[in-house]
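To keep things clear, I will list the structure first and then write my remarks on it.
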Amino acid sequence: MKITVIGYWGAYPEAESATTCYLLEKDGFSCLLDCGSGALSRLQNYIDIMEIDAVLISHYHQDHIADIGVLQYSWLVQSYLRDSKQILPIYGHEEDKASFQKLTHQCTKGIAYDPTKELQIGPFHINFLKTAHPVPCYAMRVSDGVSTMVYTADSSYIEDFIPFTKDADLLITECSFYENQDGSVAGGHMNSKDCATIARNANVKELWLSHLPHFGDRKELKIQVEKYYNGKIELAREALTWEK
Ligand SMILES: [Zn+2]
Ligand SMILES: [Zn+2]
């Protein structure tokens, strides 16, 4: 599978960038993982919006879903222009009924995933783990039969991340705070040491730090993680890709 960072900020996008959004691709199938603010604009540097086959949502905070509305408008406009009858499936959990219902529009259909079961979307098999966050949110373990990627979504540190992430080829963690800050009291997030602890104890091969903060020197996040984890580390940025 190939993974491309489309958006990597927490909370809001800075200029010319987006909040959380990743593009997952395999054998011509394309799935968006979260669709934050600015994502639709940045995404068009990498793919035709009508070529997206599915969208998968971790939770209903705006920095993960803000561009779902304009994605729906873009499909509506393009379906007229191209005389297309395509419907885009958007997978989300049902624990927030009002937000789930908004996934359905003229050209999109909300599909509830059952987080206790494995979900298949195209070539991807996805397992879920409920995170520690102020609203229901799910981490995801995505496999295509060749490689495995784990995405923490938003969460403060929980021990369950270790078995859930075990031996993953790539781990994408949210990294909202620096080592000396307690992310768990600030809205259910992790600091750099929490990210390193998961990566090291779960024996992951590569770690991406994402959902980045708007303060401090973000290069320090990577330096802090390097003290505890020996694998490859990347600070998420737009167009960063991984393929295996
Ligand atoms: Zn977030
Ligand atoms: Zn959140």
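The values are calculated or read from the model by the stated rules, or taken from the named source; none is laboratory data. Small disclaimer: the values here were computed from a predicted structure and weren't measured. FYI the Cβ positions are ideal-geometry reconstructions off the backbone, even for glycines, and counts take in every protein chain you see. The area values use the complete protein model at the heavy-atom level, side chains included, leaving out ligands, DNA and RNA. Shrake-Rupley method; radii C 1.70, N 1.55, O 1.52, S 1.80 Å.
Could you give the length gained by full extension between K219 and N180, i.e. 0.36 nm per residue of separation minus their alpha carbon distance, to one decimal place?
Separation in residues times 0.36 nm, less the Cα-Cα distance, equals 12.5 nm.
Taking 8 Å as the Cα distance limit and 6 or more residues as the minimum spacing, I'd like the relative contact order of the stretch 136-244 as a percentage.
23
Share of the chain's accessible area from carbon and sulfur, percent, 1.4 Å?
Exposed carbon and sulfur together represent 49 percent of the surface.
What list of ³J(HN,Hα) couplings, whole Hz, do you get for the stretch 49-57 from phi and the Karplus terms 6.51, -1.76, 1.60, once you set θ to phi - 60° and write x for glycine and proline?
Result, ordered by residue: 4, 6, 8, 6, 9, 6, 10, 10, 10 Hz.
Where a ≥ b ≥ c are the square roots of the eigenvalues of the C-alpha gyration tensor, would you call the stretch 89-167 rounded, which needs a/c under 1.5, or, failing that, prolate if a/b is larger than b/c, or oblate?
Taking the square roots of the gyration eigenvalues as a ≥ b ≥ c, the stretch 89-167 is oblate.
Counting heavy atoms of the protein chains only and a 1.4 Å probe, report the per residue accessible area for the stretch 2-243 as a whole number of Å².
42
Please give me, ordered by residue number, the trypsin sites (Lys or Arg not before Pro) of the stretch 77-138 that lie in loop per DSSP and have at most 13 other Cβ atoms within 10 Å.
R82, K85, K117
Can you work out ³J(HN,Hα) from phi for every residue in the stretch 79-85, in order, using Karplus 6.51 cos²θ - 1.76 cosθ + 1.60 and θ = phi - 60°, giving whole Hz and x for Gly and Pro?
3J(HN,Hα) across the stretch 79-85, in whole Hz: 5, 5, 4, 9, 6, 9, 10.
When DSSP beta bridges are limited to those with both residues in the stretch 2-243, what percentage is antiparallel, rounded to the nearest 5?
For the stretch 2-243, the DSSP antiparallel bridge percentage is about 55.
As a quick test, which of the pairs K2/K205; K26/K97; K2/K109; K26/K222; K193/K232 have an alpha carbon distance above 19 angstrom in this structure?
Beyond 19 Å: K26/K97; K2/K109; K26/K222.
Expressed as a whole percent, how much of the Cα-Cα distance distribution for the stretch 4-47 exceeds 14 Å?
Cα-Cα pairs of the stretch 4-47 separated by over 14 Å account for 38 percent.
Relative contact order, percent, of the chain when contacts are C-alpha pairs under 8 Å separated by at least 6 residues?
Worked out over the chain, it gives 17 percent.
Is the stretch 1-137 best put as rounded, prolate or oblate by its Cα gyration tensor, with a ≥ b ≥ c the root eigenvalues, rounded for a/c under 1.5, and otherwise prolate when a/b is larger than b/c, oblate when not?
It comes out rounded by the Cα gyration axes.
Considering the convex hull of the alpha carbon atoms of the chain, report its projected area averaged over all viewing directions, in nm², one decimal.
12.0
How big is the dipole moment of the stretch 2-243 about its Cα centre under a simple scheme where the beta carbon of each Lys and Arg is +1, that of each Asp and Glu is -1, and everything else is neutral? Debye, nearest 20, please.
Once rounded to the nearest 20, the dipole reads 120 debye.
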